[in-house]
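Right, one structure below, let's go through it.
The values are calculated or read from the model by the stated rules, or taken from the named source; none is laboratory data. What you see is a predicted model, and the numbers here were worked out from it, not measured in a lab. Counting neighbours? That spans all protein chains shown, and the Cβs are built from the backbone with ideal geometry, glycine included.
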């Protein structure tokens, strides 16, 4: 169950349904407040949302998906996104 007592957490759900507490901005960088926020869910999954639209959709990733993304980014696999 999520923080609101709902049984179903799904990709694209309204981020507000995950609550307002615990969202962090690990990738914040002085861009006027528009950044990605992350929330670690109780089952190890990770929710991401756009800080400029906190009621918008949340993208839900498994622990493994998030780990592969972060490790790949550290190894340069995502460099094409900023080149």
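Provide a single number: the residues in region 55-83 that are in a loop (DSSP other than H, G, I, E, B), at pLDDT 95 or above and within 20 Å of residue 21 (Cβ to Cβ).
Residues flagged as in a loop (DSSP other than H, G, I, E, B), at pLDDT 95 or above and within 20 Å of residue 21 (Cβ to Cβ) within region 55-83 amount to 2.
Given the options 52, 38, name the one that is in a strand (DSSP E or B), under 14 Å from the mean Cα position of the chain (by Cα) and either surrounded by 14 or more Cβ atoms within 10 Å (Cβ to Cβ) or at pLDDT below 95 (or both).
38
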